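One structure below.
The values are calculated or read from the model by the stated rules, or taken from the named source; none is laboratory data. Computed from a prediction, not measured in an experiment: that's the story for all the values here. Here the Cβ positions follow ideal geometry from the backbone for every residue, glycine too, while neighbour counts run over all protein chains shown.
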Amino acid sequence: MARQSERQASTVMVPKGEEQPESPKIHTLGSNELRKPAKRISKVNEQVRELAREMLRSMYAAHGIGLAAPQVGVHQQLLVIDLDPEEAANPPLVLINPEIVATSGALDTYEEGCLSIPGVYLNVVRPSQVDVKYRDELGRPQRRKADGLMARCILHEMDHLNGVLFVDRVSDELSLSGELQRLGFDRNDVKPVA
Ligand code: GNR
Ligand code: NI
């Protein structure tokens, strides 16, 4: 009985869908908040779980599949991912202090989007597989290998923790300039990775 209520209390799940009252606002390209590195979380407590819930509310309201804490102006190493937000029963993934153990040598190209650069979709090349270790919402150490969209999403979100945005990794400069201009973003807010 005690165990059951403990599990209930610690689960990080919020109703899915667009109607999310008071979800934190997501910063967009040009905001300095997106460029500051996130700090490690020293203790996974109820405050951290509440932040994860708030991030999920913002993510579901915006129809995204992932969100990193810096996108809501919180510079802590916390990510939420839900590749199937339409499926109410499918629990989201919470990654705390994620670290890449390894990535595959093989690369994939995929058209990415970002809730912080709404409307912009461009090809990005990344490793096709990732092996990542992290703590879950109960502070338990976890390790997980991912490929496909999950690998893509983990790598995209981990970039956010380092102040990197997917547009920083776009190699097709002509498409990049065109898309940013079309949606009213400033090309000078892109900081190409080495
Ligand atoms: O919702 C999102 N979709 C997406 C599509 C392709 C590659 C990465 C992503 S993540 C993005 C949400 C987001 O901006 N997370 O930081
Ligand atoms: Ni993003």
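Matching residues to (1) in contact with a Leu (Cβ under 9 Å, 6 or more places away or on another chain); (2) over 19 Å from Lys145 (Cα atoms); (3) of a type outside the set (A, V, I, L, M, F, W, C):
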| residue | (1), (2), (3) |
| --- | --- |
| Glu19 | no, yes, yes |
| Ala38 | yes, yes, no |
| Leu95 | yes, no, no |
| Ala106 | no, no, no |
| Pro118 | yes, yes, yes |
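A single member of Pro118, Pro92, Pro141, Pro127 is farther than 24 Å from Asn45 by Cα and more than 15 Å from ligand 2 (Cβ to nearest atom), and it is Pro127. Among the numbered conditions (1) on the phi < 0 side of the Ramachandran plot; (2) away from ligand 2 (no atom under 15 Å from the Cβ); (3) out of contact with any Lys or Arg (no Cβ under 7 Å at 6 or more places or on another chain), the only one that Leu79 does not meet is (2).
Of all the criteria given as (1) under 22 Å from Ala69 (Cα atoms); (2) in contact (Cβ under 8 Å) with a residue 24 or more places away in the chain; (3) within 17 Å of the chain's Cα centre (by Cα), the one not satisfied by Gln129 is (1). Between Ile100, Ile26, the distinction of being modelled with pLDDT of 95 or more, within 26 Å of Val125 (Cβ to Cβ), out of contact with any His (no Cβ under 8 Å at 6 or more places or on another chain) and within 15 Å of ligand 1 (Cβ to nearest atom) belongs to Ile26 only. Scan the stretch 51-70 and tell me whether some residue there is polar (S, T, N, Q), closer than 20 Å to Arg169 by Cβ and within 16 Å of ligand 2 (Cβ to nearest atom). Taking every residue of the stretch 51-70 in turn, none turns out to be polar (S, T, N, Q), closer than 20 Å to Arg169 by Cβ and within 16 Å of ligand 2 (Cβ to nearest atom).
How about the stretch 145-155: which of its residues are free of Cβ contacts under 8 Å to residues at least 60 places away in the same chain and either buried (at least 16 other Cβ atoms within 10 Å of the Cβ) or in contact with a Pro (Cβ under 6 Å, 6 or more places away or on another chain) (or both)? Show your work before the answer.
As a first pass, look at the stretch 145-155 and keep what is free of Cβ contacts under 8 Å to residues at least 60 places away in the same chain: 145-148, 151-152, 155.
Listed by number, the residues that qualify are Ala146, Ala151, Arg152, Leu155.
Filter the stretch 156-194 for residues that are among the acidic types (Asp, Glu) and either in contact with a Pro (Cβ under 6 Å, 6 or more places away or on another chain) or assigned to a helix (DSSP H, G or I) (or both); which is surrounded by the fewest Cβ atoms within 10 Å (Cβ to Cβ)? For the stretch 156-194, the residue satisfying everything is Glu173. So Thr28 passes all but one of these: (1) touching a Pro at 6+ places or on another chain (Cβ under 8 Å); (2) away from ligand 2 (no atom under 14 Å from the Cβ). Which condition number does it fail? Going through the list (1) touching a Pro at 6+ places or on another chain (Cβ under 8 Å); (2) away from ligand 2 (no atom under 14 Å from the Cβ), Thr28 breaks only (2). Considering the stretch 162-178, the residues that are touching a residue at least 40 places away in the same chain (Cβ under 8 Å) and within 11 Å of ligand 2 (Cβ to nearest atom) include one that is farthest from the chain's Cα centre (by Cα), namely Val167. Restricting attention to the stretch 105-154, the residues that are within 16 Å of ligand 1 (Cβ to nearest atom) and more than 21 Å from Arg53 (Cα to Cα) add up to 28.
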